[in-house]
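K.L.:
Below are the structure tokens for one structure; questions will follow.
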Amino acid sequence: MCGIIGITGKRPVYTLITDTLKRLEYRGYDSAGLATTSQGRIDLWRAQGKLHNLEALIARSHEPPPGTCGIGHTRWATHGRPTENNAHPHISDNVAVVHNGIIENFRTLKSQLEKKGVHFTSETDSEVIVHTIDHHLKQGDSPLRATQKTLACLEGAFAIVILFREHPTMLIGARRGSPLAIGISEDTEEMYLSSDAIALAPFTQKICYLEEGDHAVITPHQFTLYNANNKKVERAFTLTATSGAISGKGEFPHYMLKEIYEQPAVVGETLETFIDSLKRTITMPSIGTIFGQSTTCRLIACGTSYYAAQVARILLERYAHISVHCDYASEFRYRDPMLRDGQPCLFISQSGETADTLAAMRLVRQHKKGKKNPCIALVNVAESSLARESDHFIVTHAGPEIGVASTKAFTTQLAALSCLTLALADHRGTLPQATIQTLANALIEVPTRINQILKQADAIKDIAHDLAKAHHVMYLGRDSLYPIALEGALKLKEIAYIHAHAHAAGEMKHGPIALIDETMPSIILAPPSAVQVKTLSNMAEIASRGGPIILISDARAIKKSAPQHAFAMPEVHDFTNPILYTIPIQLLAYHTAVSLGTDVDQPKNLAKAVTVE
Ligand code: F6R
């Protein structure tokens, strides 16, 4: 959730740190801070709120931080309110620490330290790390040994970077449960530690991801890695592909809008990796072998990725005749799930770092009964923890998504899952080749169709203007459009702060219809399909009770039903409707949020990668 960075080099690092924090701010924006060390002291700067408050604070100072070694943090509050005192880095006499994650046993450690006379200045769990290291340093331990002793007593999931007052060129980083990467720049004689390779992209592409339990000591020219048993280890450096990512918002007012408009390109790129456009065949190497004769599978994810799983369930059951069970990762991990022998488990996560999804995968890995359950990850980050811990991973090509509300990451997940469906239908012989080719063809057309929808985006602005007046909104859809209704409601809640709820259209009359009145608009997703007529009947039931309607459907259905507001969609094969109907619900949430003047890219209380439970 929080973004962390450490830099050690030859030039003053504070502007490098604040620039890096700009790229990390999407991970959390409750407060920001940095610390550098020089001349035997630690300089600390922290500010509540967004990063620009920290920058303004430093700009007002006559003496900006001089150190050539420093750490920085952008926070998403877990323990303790988002105040300046709770902002990171936390410091003691000898060390400063930035921390991402949660220290579960902090209360025990805090009371032990308090008994030794340590005075705490924040409400955070993180401060115990600082004082524990400091305690060991004061007992005469080296920075490495003090860190190792501290790591041994910490429980929870975390990544930390530590700065030492008396060692002004050295940083130590440790990873347990939350990602941490080392970057090396040979040109500038600098070394970095960060929670996120994106943050390092302008400095270097040469990255090494720490493995679970690893810790590393870095100086401008050198690094040494240790594993969880404190043994020196070698880890491979890779050239990360994220360098092109830092392209800013361009002509767009928000990252979210830019990312919505990137969808034709990134969905196209994702499809291209799986579809041979000449033969209309699907290539997903190894997927057939992994699934073998299995007729069931589990899909596990959180949030928007969970809605992608729900769409996939419908597609896999319909076209590949695989019986699918979907789970929220946060529920799955605590409810003793009954896994069938050898049943494949697919974990969907754009970041590949979501704590619950990762924990759910680890749970499946520990499941020792019967034949092993293969773990497959669908991620947008090939180097992510979920990908690295899986037996097999599939990568979407959305590129970095900076807007906190997921847009292009979701549609690329849907594109990849549609290809997976066809690959498994082919493997299992549930569809004739001609049908696979027709469906592959429908997928190949998706980027063009998305462009067509985006060209009419202005029509959505007018609808959004009216929607912004609502306090409650209902979304309805059936079949593969029901999860898209859920996604629409989530987007509106997230960025416009309007209460929205989604229902399977057929469920409406079993309760939610009681809410209908002239103040609560209903957004109906009704593409031409076997169930369109049913959804339109549900819509009529709402209209006859005075509920305002926003219909997203084909031109013919719109003409027949004459709702208050409508958005006409291209008519395509039903297989691709979930991807295409996502575009208007994203635009609707976006323009409603803009009408209300909310912070679209960094909505309140949220953060991008949910690396804590
Ligand atoms: C909503 C959103 C979240 C994420 C969820 C899972 O716009 O982005 O609901 O989908 O936090 O994240 P990943 O896919 O990274 O596991």
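K.L.:
Rounded to the nearest 10 Å², what accessible area does C153 show when all protein chains are kept and the probe is 1.4 Å?
P.N.:
Counting only protein heavy atoms, C153 exposes about 50 Å² to solvent.
K.L.:
If you put +1 on each Lys and Arg Cβ and -1 on each Asp and Glu Cβ, how big is the dipole of the range 3-239 around its Cα centre, in Debye rounded to 20?
P.N.:
Numbers: 25 positive and 26 negative charges, 53 e Å.
Value, rounded to 20: 260 debye.
K.L.:
Same structure again: For the range 265-408, what is the accessible area per residue in Å² when the probe is 1.4 Å? Each step should come with its number before you reach the end.
P.N.:
Values: 5720 Å² over 144 residues.
On a per-residue basis, the range 265-408 sits at 40 Å².
K.L.:
Sticking with this structure for a sec: How would you classify the range 281-372 from its alpha-carbon gyration tensor, with a ≥ b ≥ c the square roots of the eigenvalues: rounded for a/c under 1.5, else prolate if a/b is greater than b/c, otherwise oblate?
P.N.:
On the way: a/c = 1.59, a/b = 1.17, b/c = 1.36.
Judged from the Cα gyration tensor, the range 281-372 comes out oblate (a/c at least 1.5, b/c at or above a/b).
K.L.:
Using every Cα-Cα pair within the range 559-613, state what percent have a distance larger than 18 Å.
P.N.:
On the way: 862 of 1485 pairs.
Result for the distance tail: 58 percent.
K.L.:
Beyond 33 Å, what share of the Cα-Cα pairs of the chain is found? Please give it as a whole percent.
P.N.:
Details: 89374 of 187578 pairs.
Here the long-distance tail beyond 33 Å is 48 percent of all Cα pairs in the chain.
K.L.:
Same structure, new question: Compute the orientation-averaged projected area for the range 454-613 from the convex hull of its Cα atoms and round it to one decimal in nm². Don't jump to the answer; show the numbers that get you there.
P.N.:
Details: hull surface 39.3 nm².
In nm², the orientation-averaged hull projection of the range 454-613 is 9.8.
K.L.:
Keeping all protein chains in position, work out how much accessible area L431 exposes to a 1.4 Å probe, and write it in Å² to the nearest 10.
P.N.:
30
K.L.:
Let me ask something else about it. Quick one: how many Å² of M284 are accessible to a 1.4 Å probe, rounded to 10?
P.N.:
20
K.L.:
Using a Cα-Cα cut-off of under 15 Å, which aspartates and glutamates could be cross-linked to K493, ignoring same-chain neighbours fewer than 8 residues away?
P.N.:
Partners within reach: D599, D601.
K.L.:
State, to one decimal in nm², a quarter of the convex hull surface area for the C-alpha atoms of the range 473-535, i.e. the direction-averaged projected area. Walk me through the intermediate numbers first.
P.N.:
Details: hull surface 16.9 nm².
The orientation-averaged projected area of the Cα hull of the range 473-535 comes to 4.2 nm².
K.L.:
Let me ask something additional. Which of rounded, prolate, oblate describes the range 216-333, given a ≥ b ≥ c as roots of the alpha-carbon gyration tensor eigenvalues and a/c under 1.5 marking rounded, otherwise prolate only if a/b is larger than b/c? Before the final figure, lay out the partial values.
P.N.:
On the way: a/c = 1.84, a/b = 1.31, b/c = 1.41.
Because a/c hits 1.5 or more and a/b fails to exceed b/c, the range 216-333 counts as oblate.
K.L.:
For the range 454-613, what is the accessible area per residue in Å² when the probe is 1.4 Å?
P.N.:
Values: 6180 Å² over 160 residues.
For the range 454-613, the solvent-accessible area averages 39 Å² per residue.
K.L.:
222 nm [θ] for the chain, helices only, -39500 (n - 2.57) per DSSP H run of 4+, per residue, to 500?
P.N.:
Numbers: 21 runs with 229 residues, N = 613.
Calculated from helices alone, the mean residue ellipticity at 222 nm is -11500 deg cm²/dmol.
K.L.:
Using +1 on the beta carbon of Lys and Arg, -1 on that of Asp and Glu, and nothing else charged, what's the dipole of the chain about the Cα centre, debye to 20?
P.N.:
Working: 59 positive and 61 negative charges, 189 e Å.
It works out to roughly 900 debye.
K.L.:
Quantify, in whole percent, the carbon and sulfur part of the accessible surface of the range 344-429 (1.4 Å probe; protein heavy atoms only).
P.N.:
Working: 1280 of 2360 Å².
The nonpolar share, carbon plus sulfur, comes to 54 percent.
K.L.:
Once you sort the root eigenvalues of the Cα gyration tensor of the range 3-239 as a ≥ b ≥ c, which label holds: rounded (a/c under 1.5), prolate (a/b larger than b/c) or oblate (the other case)?
P.N.:
On the way: a/c = 1.37, a/b = 1.06, b/c = 1.29.
Since a/c stays below 1.5, the shape of the range 3-239 is classed as rounded.
K.L.:
Given charges of +1 on the Cβ of Lys and Arg and -1 on the Cβ of Asp and Glu, with all other atoms neutral, how large is the dipole of the range 249-444 about its Cα centre, in debye to the nearest 20? All intermediate terms of the calculation are to be shown ahead of the outcome.
P.N.:
Details: 19 positive and 18 negative charges, 143 e Å.
Dipole size: approximately 680 debye.
The values are calculated or read from the model by the stated rules, or taken from the named source; none is laboratory data. Computed from a prediction, not measured in an experiment: that's the story for all the values here. Every residue, glycine among them, receives a Cβ derived from its backbone with ideal geometry; neighbour counts consider all protein chains shown. Areas reflect the complete protein model, heavy atoms only, side chains present, ligands, DNA and RNA absent. Shrake-Rupley method; radii C 1.70, N 1.55, O 1.52, S 1.80 Å.
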